[in-house]
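The values are calculated or read from the model by the stated rules, or taken from the named source; none is laboratory data. Here the structure is a predicted model, which means the values were calculated and not measured. Cβ coordinates were reconstructed from backbone atoms using ideal geometry, including for glycine residues, and neighbour counts include every protein chain displayed.
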Amino acid sequence: MNVMLLPAAAQLMHIPDGFLSLAISLICWGITAVFLALAIRNAQEAFDERLIPLAGIMAAFIFAGQMINFPVAGGTSGHLIGATLAFIVLGPSLGLLAMAAVIILQALLFQDGGLVVMGANLIGMGIVPGYAGYAIYQFWQKRGGRMQLAAAGVGAWVAIMMAALVVALLLSFSGTTSLAIAVPAMLGVHALIGIGEALITVAALAFIRQTRPQLLSREGEAQASNGWIAGGIAVAILVALFSPLASASPDGLESVAQQAGFLGAAQDAPFQLLPDYTIPVLGDGGASTIAAGIIGVLVVAGLMYTLTRNLRKPSE
Amino acid sequence: MHVNTFDRYESRQSAIHQLDPRVKVVVTVLFIVANALLPDGAWLAFLAAWALLLFVSGAAQIGLGWLLKRSLIVGPFLLAAVTVVFTLPGNGLAQWQLGPWTLVPTDAGLLRFVSIFIRSWLSVQMAILLTATTQFPDLIHALHHLRVPNVLVSIISFMYRYLFELANEAGRLLRARESRSAAGVNGRSSSGGSLFWRAKIAGHMVGQLLLRSFERSDRVYNAMVARGYNGRLLTMNPHHMKSSDWQLGGVGVVAILLIQLVARL
C-alpha cells in the first residue's frame, strides 16, 4: 500500500486557500453552515444516537471507496468521487454529513483543499453535486428498475459537471481566472471524469440492489421529499446569488478578444478598456471586504433558513 | 497498513508542538484570512508573512524542504489561475502567437497571478505546519473546544478512527482483483475485458465495500451500546490553556496584525 493509492479525488475540485476572495469564501461558509445545520438536525431525528458511528464509518467508506480505481487508457484511471452514491444510499442528510466529513478531513489532514475556502469546497464537492445527482435519481423514483439505475448514472454525471461548474464560477468571481476559459476547461475535463463516476455509481447501485435491495428502498423513501425541495432551493439560491456578480464582472471572452485585437493593431496602446473595473468584484480593501462578506453571510443564511424551514414538512 | 498511515504528524519536542491545539488552529486560520486580505503586489507584507512562516517552521524543527515538497499540492490550481495573466486588462508585456490565438501577457495580470500564487503558497504551508505539529485527535479536540458542532466533530473523529480499517478493506479488494484479472502485463492496462467490464467490476467492489462498511457500523454501534454509549463521546484528554499558550498565541496574532500594517503603509 503506497501513497500513490491515496485518493486524489479529482485534484482540480479541492480549491486551496488563496484562490478565492475572502468575501466569496465567507458567503460560501454561510450557505454551508445552514445546510450542515439542517442536515445535522434531520439526521439526528432519523438516526438518534446511531448517527455518529454510522456517518463516521460511511465517511471513511467514501474515502476508501475513492481508492478503488479502474484502468481507462494510457495510464489514466477512473475512480469514484462519491457524492451521488452517498446521497442515494444514505439519504441527503446523512449523505451530506458523510461527504462533509470527508472534505473536512482531507483539508485538515492532507491540505487537500484549504481551510478558509472549505465552505466553498463543501458546496462544490458536497452540497451541489449531492443534491443535483440525488434530485435526478429521485425524479425517476417511480419508474423503478433499469430506468432508475440509468437515472443514477445521469445524475452522477450531471453532479460532477455541476461541481466543476461551481468551482469554475467561484474562481472567476474571485478574479482568479477568467470565466470564458475556466468554464469550458473545467467542464471539458470533468465530462470525462463524470463518465467514470457514472459507470461506477451505476454498477455499485446495481450490486446493492441485487444483494441488499432493502437498503435502497428504506433509506430512499425516508427523506425523499425533503431532499428534493432542498436540492431545488440549493440550485436556485446559487444561481440567484451569483447572477448579479456574473453580470457585473467583465465578459472574459470579450476582453480577451478586444485586447488581442487592440494589440494586433497598436503595440503600445494604453488600453484601459474598463477603467473602473477591478476584477475582484467585491474589492480588495480589508475592512470593506469583511463587512460585505459578513452582511452577505447573514442575509443568505437568514434567507436560506426561512425558506428551508417553511418548506420543510412539519410532520415527518 | 499502520494506524498512523494517514497521519501527517511529525513528532518533535518543540515549543510549537507543545502549544495548545486551539491556539494553533486560531492562529493558522487568522494567518490564512490575513493572507487573503493582503492586496496584490504587497511584496514587503508577503516577505514579512514568509518570515513569520520561517520562524514558526524553525521553532517547530520542521525542515524547509519537507514543507516545500508538501506545499506542491497547490500546483494544479495554478493552471487555472494562469489565465489571469492574459485576461486582466493592463499594459501588454509581450505578444505570443499560439496557433490561431494571440496571447498577450499584461503587467496587471502578471502581478495578480504572482500575488495569488504567493498568498496560496503561504497559506498552505501554514496549514501543513498545523497538521505536522498537532496530532489529529488533538486537532479534532481543539475544534470541539472552538464550538464546532459536536455531531460533526464526533463524525470526523469516528471517520479518522476507521479510515485505515476501511482503506485496508479497499486494499484487500484491489489485491484480490489484481491477482485475478485486471492488472496488465508490462504496464499495459487493457487486460481483463472491456472498459465497461472494468468499470462494472470497480463498481461492484465499491458496492461490496459499502455493504461491509454498513455492517461494520452496525457491529461497532452495538459494541458501543453494550459499553454504555448514549450518543455522547467522552474524552480522556482534556486540554487546558496555560499562560504560555496565551502568550504565544498573542505573539502570533500581533505578528499577523503587523503584517497587515506593513501591507497598508
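Things to note:
- Flag not set for residue A:108, criterion: surrounded by 24 or more Cβ atoms within 10 Å (Cβ to Cβ) and within 20 Å of residue A:38 (Cα to Cα).
- Some residue of the range A:151-159 being in a helix (DSSP H, G or I), more than 21 Å from residue A:70 (Cα to Cα) and of a type in the set (A, V, I, L, M, F, W, C): yes
- Helices (runs of 4 or more DSSP H) contained in the range A:61-145 and holding at least 2 residues over 23 Å from residue B:131 (Cβ atoms) and at pLDDT below 85: A:128-139
- Of all the listed residues (B:60, B:42, B:49, B:36), the sole one being under 27 Å from residue A:25 (Cβ atoms), away from chain A (no Cβ under 14 Å) and touching a residue at least 24 places away in the same chain (Cβ under 8 Å) is B:60.
- Residue check for residue A:97: within 14 Å of chain B (Cβ to nearest Cβ), buried (at least 24 other Cβ atoms within 10 Å of the Cβ) and touching a Cys at 6+ places or on another chain (Cβ under 8 Å): no
- All positions within the range B:168-182 that are in contact with a Pro (Cβ under 9 Å, 6 or more places away or on another chain) and either in a helix (DSSP H, G or I) or at pLDDT 85 or above (or both): none
- For the condition surrounded by fewer than 18 Cβ atoms within 10 Å (Cβ to Cβ), more than 8 Å from every other protein chain (Cβ to nearest Cβ), aliphatic (A, V, I, L, M) and farther than 20 Å from residue B:260 by Cβ, residue B:78 qualifies.
- Subset tally (residues that are within 20 Å of the chain's Cα centre (by Cα) and within 21 Å of residue B:13 (Cα to Cα)) for the range B:43-75: 13
- Under the condition of being buried (at least 20 other Cβ atoms within 10 Å of the Cβ), at the interface with chain B (Cβ under 7 Å from one of its Cβ atoms) and over 17 Å from residue B:162 (Cβ atoms), the residues counted in the range A:37-58 number 1.
- Only a single item in (1) within 30 Å of residue B:107 (Cβ to Cβ); (2) among the aromatic types (Phe, Trp, Tyr); (3) in contact with a Ser or Thr (Cβ under 9 Å, 6 or more places away or on another chain) is not met by residue B:9, and it is number (1).
- If the condition is being within 8 Å of chain A (Cβ to nearest Cβ) and assigned to a helix (DSSP H, G or I), then the range B:81-92 contributes B:81, B:84, B:86, B:87.
- Failed item in (1) more than 18 Å from the chain's Cα centre (by Cα); (2) in a helix (DSSP H, G or I); (3) modelled with pLDDT under 85, with residue B:78 passing the rest: (1)
- Hey, residue B:12 facing another protein chain (nearest Cβ under 10 Å), assigned to a loop (DSSP other than H, G, I, E, B) and either farther than 23 Å from residue B:257 by Cα or of a type in the set (D, E, K, R) (or both) or not: no
- Note on the range B:93-136: among residues that are of a type in the set (Val, Ile, Thr), more than 7 Å from chain A (Cβ to nearest Cβ) and touching a helix residue (DSSP H, G or I) at 6+ places or on another chain (Cβ under 8 Å), the one that is surrounded by the most Cβ atoms within 10 Å (Cβ to Cβ) is B:133.
- Residue match in the range B:142-156 (condition: more than 7 Å from chain A (Cβ to nearest Cβ) and among the small types (Gly, Ala, Ser)): yes
- Candidates in the range A:21-36 are the residues that are facing chain B (nearest Cβ under 8 Å) and aliphatic (A, V, I, L, M); of these, the one that is nearest to residue B:214 (Cα to Cα) is A:36.
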